[in-house]
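The structure under discussion appears below in the form of structure tokens.
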Amino acid sequence: MGKLTIGCFSSLIGSMTLDFAVKLAEAARKKGHDVDIWLSGNGTMLSKKGQRSFKDYSSLEKTITELVADGANVTACEACAEARGIHKEDLISGFRVKSADMYLASCFSADRVLHIGGE
């Protein structure tokens, strides 16, 4: 199987880019592909553990935690996370915080790369 790198450049609340990226990653993992997800901008908020779930409001913590447990690599942009006050102790277990060179390396080694969002 191949490797898929997904760069998620999520905008403000109401954007479905994170939902789409996570569902795509989930489908790729189920087919046996390796998956790297890069969270940038407001997408880094997905990496924060313990967020409250509301009815009719997207909450991806359970799904993304299962993806990580299944072998997906999820990395938040270091500068974006820092700007939003997210520190290593705030991360969902298995998430990483790295600089953009990690994302570029993942893109270079991937069979397919998708950049999602970035309006």
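The values are calculated or read from the model by the stated rules, or taken from the named source; none is laboratory data. Keep in mind it's a predicted model, so treat the numbers as computed, not measured. In this analysis, Cβ positions are derived from the backbone assuming ideal geometry, glycine residues included, and neighbour counts consider all displayed protein chains. Keep in mind that these areas ignore ligands, DNA and RNA; they rest on the heavy atoms of the full protein, side chains included. Shrake-Rupley method; radii C 1.70, N 1.55, O 1.52, S 1.80 Å.
Residues in the stretch 27-49 that are more than 9 Å from the chain's Cα centre (by Cα) and under 22 Å from Lys98 (Cβ atoms): 10 in all.
When Leu67, Leu91 are screened for being within 18 Å of Asp19 (Cα to Cα), out of contact with any Cys (no Cβ under 9 Å at 6 or more places or on another chain) and open to solvent by less than 40 Å² (accessible area, probe 1.4 Å), only Leu67 passes. For Asp56, the requirement of being at pLDDT below 95, acidic (Asp, Glu) and open to solvent by less than 70 Å² (accessible area, probe 1.4 Å) is not met. Which members of the stretch 94-119 meet the condition of being within 14 Å of Lys49 (Cα to Cα) and open to solvent by less than 40 Å² (accessible area, probe 1.4 Å)? Correct list: Phe95, Val97. Quick check on the stretch 98-111. Is at least one of its residues in a helix (DSSP H, G or I), under 12 Å from the mean Cα position of the chain (by Cα) and free of Cβ contacts under 8 Å to residues at least 60 places away in the same chain? Looking through the stretch 98-111, none of the residues is in a helix (DSSP H, G or I), under 12 Å from the mean Cα position of the chain (by Cα) and free of Cβ contacts under 8 Å to residues at least 60 places away in the same chain. The set of residues in the stretch 70-88 that are open to solvent by 50 Å² or more (accessible area, probe 1.4 Å) and within 14 Å of Val22 (Cβ to Cβ) comprises Asp70, Asn73. Of all residues in the stretch 1-49, exactly one satisfies the criterion of being of a type in the set (Val, Ile, Thr) and open to solvent by 40 Å² or more (accessible area, probe 1.4 Å), namely Ile13.
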